[in-house]
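Take a look at the structure set out below.
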Amino acid sequence: MQVSEQVSILNETQPDYSSYLQKKPGPEILLQDIRHLLTDAFGSDADLPAHHGYEIFCLEYELGTFPAGSISHKKRGKYDYYYWQFQVDGVRKQRKIKNDDVPRALAFHRRKQEVKRRLRTLRAELREFSVEQRREEHAIRRLLQQLFPFCQAAVLQKSNTYADGSPRDSKNELILSLIYKMLGLTAEPSPTHISCSGRLYRPDYLVSQKYIHEHMGMLYDPQYYNKQVEKLRDYAGIGLRAGRNLLVTTDDSYKDGGDHDFLVMPKIMLQMVLGGAVKADRMRRLVRTFLPDRRHKPAARNS
């Protein structure tokens, strides 16, 4: 399928998600919901199993949020003075802490020492674990190092975030991104503008520079449904056709009121095959990698 030359594609510079705001969410966002759920269900003593790898990661993150350096205390007569001490190009410097800031600075200092002590304890305990346990806890810590920046990006952007840190408009688009990744196809989210009938549309995906993919997830809403019908008519007016250079997938039905939206992934996969985006054998190979073989077996005939 080739995208019609009548489609106006405007390449846009994607935002850089590698740098985040200074004020970032902490690692507790990863387990916050499940901890609340378990506490509400089982009482205040309910919690997830403790893991040294997780706690070490959280404490290392917290340690990195403290101001660099240490606090120096000097007493002159009946007066106390506190200074920040830090290194600049290998030279020790110090700066007086204002009296109003002393309680906060001392609280930071006390917490910083507590974090360091706890880290030493956890690391010492970890050395006493079996080889298999140590390997698992180190793997948990490394997994968090990989995942956590994307969790921060998702919270700061207030959007669904794919594994590469780029945003998606919905959870369904996350599913689509994963399917395309597993199929080895390049799917750029919202990379184009299509101008037709005086309107400017931004499709969900441009796939392998060959076809436009529109996913429609709220067809149970009459207003949404009518807008999608109007969009597809506009697309037809500039030469986009389903099965040729346009793929349309859905998960909800206009008639069932969204009662079957739990069928998202199977419906999308079938629609991609029927829409000509991927061959059935290739999709079957993909499905076999993560689903058990549950092929429908016809009922035995009565003799």
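All of the numbers you see were taken from the coordinates with simple rules; none came from a lab. Nothing here was measured: the structure is a model prediction, and the numbers come from that model. Positions of Cβ are generated from backbone atoms using ideal geometry, with glycine treated the same way; all protein chains shown enter the neighbour counts.
Across every direction, the projection of the convex hull enclosing the Cα atoms of the range 98-156 has a mean area of 6.1 nm². The overall shape of the range 167-290, judged from the alpha-carbon gyration tensor, is oblate: a/c is not under 1.5, and a/b is no greater than b/c.
The range 121-143 and the range 77-113 have Cα centres lying 35 Å from one another.
What is the extension gain from I29 to S195, computed as 0.36 nm multiplied by their sequence separation minus the C-alpha to C-alpha distance, in nm to one decimal?
55.7 nm
To check you understand DSSP bridge types, tell me what percent of the beta bridges within the range 167-290 (both residues inside) are antiparallel, rounded to 5. Beta bridges within the range 167-290, antiparallel portion: roughly 60 percent.
For the listed peptides 53-62, 230-239, a ranking on the average number of other beta carbons within 10 Å per residue, highest first, reads 53-62, 230-239.
Exceeding 18 Å between C-alpha atoms, which entries from my cross-link table qualify? They are K93/K116; K210/K279; K181/K210. From the list (K93/K116; K210/K279; K181/K210), the Cα-Cα distance tops 18 Å for K93/K116.
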